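Heads up, the thing below is written out as structure tokens.
The values are calculated or read from the model by the stated rules, or taken from the named source; none is laboratory data. Everything numeric in this text was worked out from a predicted model, so none of it was measured. All Cβ positions, glycine included, derive from the backbone under ideal geometry; neighbour counts span all protein chains shown.
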Amino acid sequence: MTHQAPGRANTSEAAEAVDTADAAGGTDSQMPWALRDYAFLGDGERGALMSPRGEIVWLCAPRWDSGAVFSQLIGGVGQYVVRPQDNWHVAGGSYEDGSLIRVSRWVTADALIECRDALALPAEPGRLVLLRKVRAERAPAGGTGVRVLLDPRPGFGATRMSAPRSEPGESGTGHRGAVWTSTGGGLRLRWAGVPEAEPGDDGSLRAGFTLRPGEWRDLVLEIAVEEAAGGADILDPGRLWARTERHWRQFVPDCSGLLAPRDARQAYAVLGGLTSTAGGMAAAATTSLPEHAGEGRNYDYRYAWLRDQCYMGIAVAAHGPHTLLERTVGFVTDRVLEAGDELRPAYTVTGEHVPAERSLRLRGYPGGSDRVGNHAGSQFQLDTYGEVLQLYAAAARHGHLEDPRVRRAAHTAVTAVEHNWQRPEAGLWELEERWWTHSRLSVVTGLRALAEHLPEKEARHPRALADTVLAETRRRCLRPDGVWARAADDPTLDAALLLPLARGCLPPGDPSTGRLLAAVERELSEDGFVYRFRHDERPLSDAEGAFLLCGFMMALAAWHQGDTTAAVRWFERQRSAYGPPGLYAEEFDVVQRQLRGNLPQAFVHALLLENGVRLAR
């Protein structure tokens, strides 16, 4: 990219205008946006959410499950704003192809301003670097104003940073003047690119500056645990941008042969942005965003669910031997070998236990709450073993089962299924302990898939176990009309049953698969979208949003049955359920056309990718 000289220092009038506008509420900083409008920045160790007006309102540091430094998204304090001085503007933007580099565009009455944002890569667990490059693409000869506000509040707003201090800038970094530094909550902050900023009594920094046509300004924010902070070149924007761009070029593979190749590449980028160097993948970047206003289903998803990570690994394995597959197999294998029969469905992204739920006493996103921690960390969910076995079978095509540790973990998972398959458990949806059908069909699928990649002598035991589990599940959970019931004591439907059937639990011609497909379409779908199950007598959309995961499951199940037309129809309908940034949440409000739940939801992007691979064939 070719640049002209950096932008001029701000005038005192510009800085005064920022203070006046903020005091009058001119930044609209306290008004949340609809979830569909937020963009996501991620580096694998943590993630940020950014509004269309350049407000970063969510960022936990130094890692996913740490306290938020910017928590305005759920009613806390703390944000980082870069936006036009002129409030009369229209916002837009897009991701650079196959990356999480976000370019925001603002059209004002007389200017066009762009801001390029990214979390720098490769990432370090103890340090994040947030890059923002604001440029005047078009402006009057005298320039156009930009306003900046940095207000970090560690610990979900419980801690203030120390008064910012101005230190000499580092030579050779391209920055003029001072670098601002402050500490608080065990973190050290450095901010370069705005030497003229004015510190506030609350630890914030505010500035206004003017950009002439073609001018730009690089802003570099480092937040690190105090002992990890530093590094002579860490705030060099040119070097940081070059490394980040190179990382994305090398990380996201070519998807030209897939269905919806651009969306597949973006799914890879999102999944990569959620996956840590330790191998764990955060289920989503956020906590407590409402699945349905007032229903109380608001959870912390900043942890690694093994099931979700297996979904991702299976999707990647269907495409090729990508870096994400290696990380997933390694992380899952470590957990299985450590836990054996006591495998938990969720861990932190570094493999520790998930803390219990607690409230932060914040107002929460509208309709949501302020929970952190998750009760799923102490549950037993049988289907987790089934997904692990399916992952190993998928990874075996790329040689992973030749690793002695992976082979040992696979046998450990088979033994755990043998010991536990008759136990009531919480199941996929983390409800009360029951004899859930989906869990049993999931382990049958995993056992049979793994057996296909084992020597005949080794394969006999998982095959026989699969036959035993399936026979008992048929006896207890197949209704008289040939449709699979949700549980042994509940004859209603559950759309999750589509996935094990789509992945080969039963032969393609087994009539129960077709009957389930027809029943789910008839009883659990609306306008091309699919709900999990029926909560009560209310209309489906009154109880919760449609589950995009289930819609993509429907596409895979139709494909498995050989109905490619129906499969593509379901796939394209789910693919349409995104906001302007092109991200998917857990649920979609069919009536209001809005996203619901935490954002971005990893398993939806994983199933989109898997569909893109399989339907292209």
Of the conditions (1) surrounded by 17 or more Cβ atoms within 10 Å (Cβ to Cβ); (2) out of contact with any strand residue (DSSP E or B) (no Cβ under 6 Å at 6 or more places or on another chain); (3) touching a residue at least 60 places away in the same chain (Cβ under 8 Å), the single one that GLY545 does not satisfy is (2)
Please pick out the residue among ASP536, ASP527 that is surrounded by fewer than 16 Cβ atoms within 10 Å (Cβ to Cβ) and touching a residue at least 40 places away in the same chain (Cβ under 8 Å). ASP527
I need a count of the residues in segment 389-411 that are over 26 Å from the mean Cα position of the chain (by Cα), outside any helix (DSSP H, G or I) and not charged (D, E, K, R). 1
If I ask for residues that are more than 21 Å from HIS411 (Cβ to Cβ) and in contact with a Lys or Arg (Cβ under 7 Å, 6 or more places away or on another chain), which ones from segment 436-462 would you list? THR437
Inside segment 246-299, can you point out the residues that are of a type in the set (D, E, K, R), under 15 Å from LEU609 (Cα atoms) and within 19 Å of the chain's Cα centre (by Cα)? ARG262, ASP263, ARG265
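For a quick check of your reading: which helices (runs of 4 or more DSSP H) sit entirely within segment 251-347 and have at least 2 residues that are surrounded by fewer than 19 Cβ atoms within 10 Å (Cβ to Cβ) and not hydroxyl-bearing (Ser, Thr, Tyr)?
Because the criterion is at least 2 residues that are surrounded by fewer than 19 Cβ atoms within 10 Å (Cβ to Cβ) and not hydroxyl-bearing (Ser, Thr, Tyr), the helices (runs of 4 or more DSSP H) in segment 251-347 that meet it are 261-273, 323-339.
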Among what's in segment 95-126 and is under 24 Å from ARG239 (Cα atoms) and among the small types (Gly, Ala, Ser), pick the residue that is surrounded by the fewest Cβ atoms within 10 Å (Cβ to Cβ). GLY126
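So, in segment 353-390, of the ones that are among the hydrophobic types (A, V, I, L, M, F, W, C), in contact (Cβ under 8 Å) with a residue 24 or more places away in the chain and over 13 Å from SER71 (Cα atoms), which residue ends up surrounded by the fewest Cβ atoms within 10 Å (Cβ to Cβ)?
The residue in question is PHE380.
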Taking the condition touching a strand residue (DSSP E or B) at 6+ places or on another chain (Cβ under 6 Å) and assigned by TED's automatic domain parsing to the domain that holds VAL604, does GLY257 pass? no
From the residues in segment 462-509 that are touching a residue at least 40 places away in the same chain (Cβ under 8 Å) and more than 15 Å from SER439 (Cα to Cα), which one is nearest to the chain's Cα centre (by Cα)? THR492
Looking at the structure I just gave you, is THR492 of a type in the set (S, T, N, Q), modelled with pLDDT of 95 or more and touching a Cys at 6+ places or on another chain (Cβ under 8 Å)? no
From ARG522, ARG538, grab the single residue that is at pLDDT below 95, of a type in the set (Lys, Arg) and over 30 Å from LEU49 (Cβ atoms). ARG538
Can you tell me which residue within segment 13-59, out of those that are modelled with pLDDT of 95 or more and hydroxyl-bearing (Ser, Thr, Tyr), is surrounded by the most Cβ atoms within 10 Å (Cβ to Cβ)? TYR38
Please indicate, with yes or no, whether at least one residue in segment 234-244 is assigned by TED's automatic domain parsing to the domain that holds ARG307 and assigned to a helix (DSSP H, G or I). no
With respect to LEU506, determine if the residue is surrounded by fewer than 24 Cβ atoms within 10 Å (Cβ to Cβ), within 30 Å of PRO462 (Cα to Cα) and in contact with a helix residue (DSSP H, G or I) (Cβ under 9 Å, 6 or more places away or on another chain). yes
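A quick yes/no check of all residues on (1) modelled with pLDDT of 95 or more; (2) of a type outside the set (Val, Ile, Thr); (3) in contact with a helix residue (DSSP H, G or I) (Cβ under 8 Å, 6 or more places away or on another chain):
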| position | (1), (2), (3) |
| --- | --- |
| THR286 | yes, no, yes |
| GLU291 | no, yes, no |
| ARG297 | no, yes, no |
| TYR303 | yes, yes, yes |
| LEU324 | yes, yes, yes |
| VAL336 | yes, no, yes |
| VAL354 | yes, no, yes |
| LEU362 | no, yes, yes |
With (1) more than 30 Å from SER104 (Cβ to Cβ); (2) surrounded by 17 or more Cβ atoms within 10 Å (Cβ to Cβ); (3) of a type outside the set (Ser, Thr, Tyr) as the list, and LEU609 as the residue in question, which single condition is left unmet? (1)
Which residue is farthest from PRO237 (Cα to Cα), if the candidates are limited to segment 197-216 and must be in contact with a helix residue (DSSP H, G or I) (Cβ under 7 Å, 6 or more places away or on another chain) and of a type outside the set (Lys, Arg)? GLU198
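Residues checked against (1) surrounded by fewer than 19 Cβ atoms within 10 Å (Cβ to Cβ); (2) more than 28 Å from the chain's Cα centre (by Cα); (3) at pLDDT below 95:
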| residue | (1), (2), (3) |
| --- | --- |
| GLY93 | no, no, no |
| LEU128 | no, no, no |
| THR144 | no, yes, no |
| LEU149 | no, no, no |
| PRO164 | no, yes, yes |
| GLU167 | yes, yes, yes |
| GLY172 | yes, yes, yes |
| ARG176 | yes, yes, yes |
